[in-house]
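Here, each number is a calculation from the coordinates, and none is a lab measurement. Only a predicted model underlies this, so the values are computations on that prediction, with no experimental measurement involved. Methodologically, a virtual Cβ is constructed for each residue, glycine included, from the backbone with ideal geometry; neighbour enumeration extends over all protein chains shown.
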Amino acid sequence: MTKILVDLGKCQGYANCVVAAPDIFDLGDTGRVELLEATVADDRLDDVREAIRSCPAAALTLEEPAS
Ligand code: SF4
């Protein structure tokens, strides 16, 4: 499992991540991203990587498991 890291100080609520992976990202009442899942199963990694790429604020990163 790969962990998603969010820098809420950078998140501007653009919601690109929600569009890319709505089962994993949501926007909370604060207008900042909320994680619906803190870790990503391997079969969801492509969508999460797309969400990270599409974030204009570069607020999302992946903590890759040590191999
Ligand atoms: S795309 Fe980036 S800035 Fe927008 S809500 Fe998601 S994490 Fe926040």
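Relative contact order, whole percent, for segment 2-63 stands at 49, derived from Cα pairs under 8 Å and 6 or more residues apart.
Taking label positions 7 Å along the Cα-Cβ direction at both K3 and S54, the computed distance is 2.6 nm, reported to one decimal.
Could you give P(r) for segment 2-63, binned at 5 Å from zero, as whole percent values over all Cα-Cα pairs? Values per bin, smallest distances first: 4, 22, 36, 26, 9, 2. Neighbours of A57 by Cβ distance under 9 Å: Lys/Arg scored +1, Asp/Glu scored -1, total 0.
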